[in-house]
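Asks: Pasting a structure below so you can have a look.
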Amino acid sequence: MSLLDIYVLGAPILRQETRVVEKVDDGVRRLIDDMFETMYAAKGIGLAAPQVGRSERVAVIDIDQKPYVIVNPEILQREGTQRAEEGCLSIPEIYGDVDRAAHVHVKALDRNGEAFELQADELLARCLQHEIDHLHGRLFIDYLGLLKRRAAISKWEKLRKGDKSLTRTISPREVAEQHTRDEEL
Ligand code: GNR
Ligand code: NI
């Protein structure tokens, strides 16, 4: 498996529509495995393919120690609303409150290409919507009001201090530290 670089705000791929996966083959499964490894190393709860430079409809999630793979996901139904803070591995250290559907009914393919449906609420529902948004070129900051969006972007630019790189590399040190902690648990 390989740790992948994560594309950050400003990278055009984060704004592009992804393509449908025609066949869940070994190449797609390899991408899924690499995405899980990268997501765990970066301490995220979800990761979408455009965040690792792949314009394909694939995302992974892990919430409450339960991994989910969603290929070609579609939201069949949304109900209610919930508001909570979100962050994104592609916009590190920036957070904002986002309104989302409280409950979603999603259909997708799993890592074997089998169709399944999933009903979710709370954090899983939020994360599904966040990842499916990535697959359509949308980011959580798009939902902030104008002033909060401007504040988020200027904080982001200030944190970057002229750094124009479009990717971030999860350092082996972060990974090593995580392994140490895992062993301590
Ligand atoms: O790690 C993540 N945390 C998170 C918190 C609230 C709502 C959505 C998320 S997803 C995010 C990882 C990420 O950027 N996925 O695309
Ligand atoms: Ni994200």
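Asks: Treating cross-link reach as a plain straight distance, find the lysines whose alpha-carbon is under 28 Å from the alpha-carbon of Lys164, omitting any fewer than eight places away in the same chain.
Replies: Straight-distance partners of Lys164: Lys43, Lys148, Lys155.
Asks: For the stretch 127-167, rounded, prolate or oblate, judged on the Cα gyration tensor with a ≥ b ≥ c (square roots of eigenvalues), a/c < 1.5 rounded, else prolate if a/b > b/c?
Replies: Values: a/c = 3.19, a/b = 1.42, b/c = 2.25.
Because a/c hits 1.5 or more and a/b fails to exceed b/c, the stretch 127-167 counts as oblate.
Asks: Per residue, how large is the accessible surface of the chain? Use a 1.4 angstrom probe and give square angstrom.
Replies: Numbers: 10150 Å² over 185 residues.
I get 55 Å² per residue for this part.
Asks: Using DSSP to call loops (not H, G, I, E or B), can you name the GluC sites (Glu not before Pro) in the stretch 74-181 whose Cβ has at most 15 other Cβ atoms within 10 angstrom? Show your work: numbers first, answer last.
Replies: Numbers: sites: Glu74, Glu79, Glu85, Glu86, Glu93, Glu114, Glu117, Glu122, Glu131, Glu157, Glu174, Glu177; in loops: Glu93, Glu114.
Those satisfying the criteria are Glu93, Glu114.
Asks: Turning to a different aspect of this structure: Using helices alone, I'd like the mean residue ellipticity at 222 nm for the chain: each DSSP H run of four-plus residues gives -39500 (n - 2.57), total over residue count, nearest 500.
Replies: Numbers: 4 runs with 57 residues, N = 185.
That calculation yields -10000 deg cm²/dmol at 222 nm.
Asks: Using θ = phi - 60° and the Karplus relation 6.51 cos²θ - 1.76 cosθ + 1.60, list the HN-Hα couplings for the stretch 76-87 in order, rounded to whole Hz, with x at every Gly or Pro.
Replies: With the stated coefficients, the stretch 76-87 comes to 7, 7, 10, 9, x, 9, 9, 10, 7, 6, 10, x Hz.
Asks: Any number yet on Rg/Rh for the stretch 33-164, C-alpha, Kirkwood?
Replies: Details: Rg = 14.9 Å, Rh = 15.4 Å.
Taking Rh as the inverse mean 1/r over Cα pairs, Rg/Rh reads 0.97.
Asks: For Glu56, what residues show an amide H to amide H distance below 5 Å, using hydrogens built from the backbone and excluding near sequence neighbours?
Replies: Excluding prolines and chain starts, which carry no amide H, the hits are Arg19.
Asks: Still on this model: Please sort 104-110, 150-156 by packing, taking for each peptide the average over its residues of neighbouring beta carbons within 10 angstrom, highest first.
Replies: 104-110, 150-156
Asks: Can you compute the modelled spin-label distance between Glu22 and Ala115, with each label point 7 Å from Cα toward Cβ, in nm?
Replies: 2.0
Asks: Next question. Ile63 to Asp5: extension gain in nm, 0.36 nm per residue of separation minus the Cα-Cα distance? Provide the component values of the computation, followed by the final result.
Replies: Details: separation 58, 0.36 × 58 = 20.88 nm, distance 2.19 nm.
Length gained between Ile63 and Asp5: 18.7 nm.
Asks: A further question on this structure: Whose amide H sits under 5 Å from the amide H of Leu4, counting only residues 5 or more places off or on another chain, with H placed in the peptide plane?
Replies: Amide H neighbours of Leu4: Thr38.
Asks: Let me ask something else. Could you pull the Rg and Dmax for the stretch 1-60, using just the Cα atoms, both in Å?
Replies: 11.0, 31
The values are calculated or read from the model by the stated rules, or taken from the named source; none is laboratory data. All of these numbers come straight from a predicted model, not from anything done at the bench. Because the Cβ atoms are built from the backbone with ideal geometry, glycine has one as well, and the counts that use them run over all protein chains shown. Only protein heavy atoms, including side chains, enter the accessible area calculation; ligands, DNA and RNA are left aside. Shrake-Rupley method; radii C 1.70, N 1.55, O 1.52, S 1.80 Å.
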